[in-house]
Amino acid sequence: MAWRKAPPELIDLFDAVAPSKPPAVRRKMFGYPCVFANDNMFAGLHQESMILRLPDDKRARFLELAGAAIFEPMPGRRMREYVTVPPQLMDEPTALRRWMKHAFAYAVELPAKASRAGKKVAKKKVAKKKVAKKKVARKTRS
């Protein structure tokens, strides 16, 4: 299934309302603009939708808005903490910025994810241990 590109006007709106100063870090995920804090994504675009990551209490309030829903990038693949921004909220930049701030505050509170470099080193160590175990197993069989 091929995903559609986000429309330019949605990208412009996202750029206008998403934080751009540290600890917010902008980068792309699956070709869509996203914003991260502590390596945790808290907002982004997916096709024609803007998505936000919200804590339980804020998410419950957000889902009361007409047209708001839990984000589901593929049928049956719900992302529990993420919500899709309803179209009418995209016409209200002040309200959208307020919700973006809630998402940002939540991401800042989350524990920082392990760095990618650290993950690669950990994977290499596990791979080396497996190779060493295989060598020991071969020697004991001989």
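Brief remarks follow.
- Scanning segment 1-39 for residues that are of a type in the set (Ser, Thr, Tyr) and under 15 Å from Ala107 (Cα atoms) yields a single hit, Ser20.
- Pairs, first within 26 Å of Asp12 (Cβ to Cβ) in segment 45-64, second outside any helix (DSSP H, G or I) and of a type in the set (Lys, Arg), C-beta under 8 Å, six or more apart: Gln47/Arg4; Gln47/Lys5; Glu48/Arg4
- Considering segment 80-116, the residues that are within 17 Å of Glu48 (Cα to Cα) and among the hydrophobic types (A, V, I, L, M, F, W, C) include one that is nearest to the chain's Cα centre (by Cα), namely Val83.
- Within segment 52-87, the set of residues being among the β-branched types (Val, Ile, Thr), more than 17 Å from Ala107 (Cα to Cα) and open to solvent by less than 20 Å² (accessible area, probe 1.4 Å) comprises Val85 only.
- If the condition is being under 18 Å from the mean Cα position of the chain (by Cα), free of Cβ contacts under 8 Å to residues at least 40 places away in the same chain and open to solvent by 50 Å² or more (accessible area, probe 1.4 Å), then segment 12-26 contributes Asp15, Ser20, Lys21, Pro22, Val25, Arg26.
- Any hit, segment 1-24, residues being closer than 18 Å to Lys113 by Cβ and assigned to a strand (DSSP E or B): no
The values are calculated or read from the model by the stated rules, or taken from the named source; none is laboratory data. Owing to the predicted nature of the structure, the values given are computational and were not obtained by experimental measurement. Virtual Cβ from ideal backbone geometry, glycine too; neighbours counted across all protein chains shown. For accessibility, only protein heavy atoms count, side chains too; no ligands or nucleic acids. Shrake-Rupley method; radii C 1.70, N 1.55, O 1.52, S 1.80 Å.
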